[in-house]
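Have a look at the structure below, then the notes.
The values are calculated or read from the model by the stated rules, or taken from the named source; none is laboratory data. Remember, predicted model here, so these are calculated numbers, not experimental data. Quick note on the areas: whole protein, heavy atoms, side chains included, nothing else; ligands and nucleic acids left out. Shrake-Rupley method; radii C 1.70, N 1.55, O 1.52, S 1.80 Å.
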Amino acid sequence: MTVDPDSVLVIVPAWNEEGNVGDTVREIVAADPKYHVAVIDDGSTDGTADAARAAGAIVLSLPFNLGVGGAMRTGFTYAQREGYRRAIQVDADGQHNPADIEKVLGGLKIADISIGARFSDVGDYEVKGPRKWAMRVLASVLSRVAKTRLTDVTSGFRAAGERAIRQYVRYYPAEYLGDTLDSLVAACHAGLTVTQVPVAMRPRRHGKPSQGPIGSAIYLLRSVFALQLAIMRRPAMTNADAGGPA
């Protein structure tokens, strides 16, 4: 199958998001007809798949929960197989505003990966305590790796061009923070470029966030450790692997 060159695959990883995913899909579809939505049902035990399908999404169901990394690799594999040149992750919980998809995609005009950054003087999103310190440390280190200033390297609202899609199909880790930190470090090591654009986050529509106070307290140590592993682990990939000059 060859899709229209202007079409964009919007990948929505979803685990037990029956209460949110339908509205999210409908909002994405209404935002622009060139957005094709693929919901990756990550082993949900509720009606996530049915709700997404009823809202107009393509649904790819995984037999058990793989986490965001496994779900996203599935989505990128589908994007490559179907011939999409651009793909973007949008969370199922409604926090990513579909109206900002075009803005994040705009970053692909100058880079292979475009991150929708929550800490760029847009909106009122903020974090405190250990999580805030961790994000600052991570952003500082990743800025050096990417050779550009980044402020929100754990944002899941990010777009990928053709070279990034190929890279992610080859290597997209499923472990803790791998979908954000490790995947970004590996992409930079493979010669891909990164940029960010400011976006505002919205409150989650239904349900509770995946991290509570205890999770936030240990976020600092776990995230820094995950970043260290990502930097030490350099997958055997070259610019040629990513589609660039050898």
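Tabulated values for the structure
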| item | result |
| --- | --- |
| Selection status of Lys132, assigned to a helix (DSSP H, G or I) and modelled with pLDDT under 90 | yes |
| Some residue of the range 34-41 being open to solvent by 30 Å² or more (accessible area, probe 1.4 Å) and either at pLDDT 95 or above or not hydroxyl-bearing (Ser, Thr, Tyr) (or both) | yes |
| Checking Asp50 against (1) of a type in the set (Asp, Glu); (2) under 22 Å from Leu108 (Cα atoms); (3) assigned to a helix (DSSP H, G or I), the condition it does not meet | (2) |
| Residue that is most open to solvent (accessible area, probe 1.4 Å) [pool: residues in the range 70-119 that are modelled with pLDDT of 95 or more and among the aromatic types (Phe, Trp, Tyr)] | Tyr78 |
| Subset of the range 151-169 (residues that are modelled with pLDDT under 95 and either of a type outside the set (Asp, Glu) or not in a loop (DSSP other than H, G, I, E, B) (or both)) | Thr151, Val153, Thr154, Ser155, Gly156 |
| The range 140-169, residues that are farther than 18 Å from Leu9 by Cα and open to solvent by 10 Å² or more (accessible area, probe 1.4 Å) | Ser140, Val141, Ser143, Arg144, Val145, Ala146, Lys147, Thr148, Arg149, Thr151, Thr154 |
| When residues of the range 185-205 are limited to those that are among the β-branched types (Val, Ile, Thr) and in a loop (DSSP other than H, G, I, E, B), the one least open to solvent (accessible area, probe 1.4 Å) | Val199 |
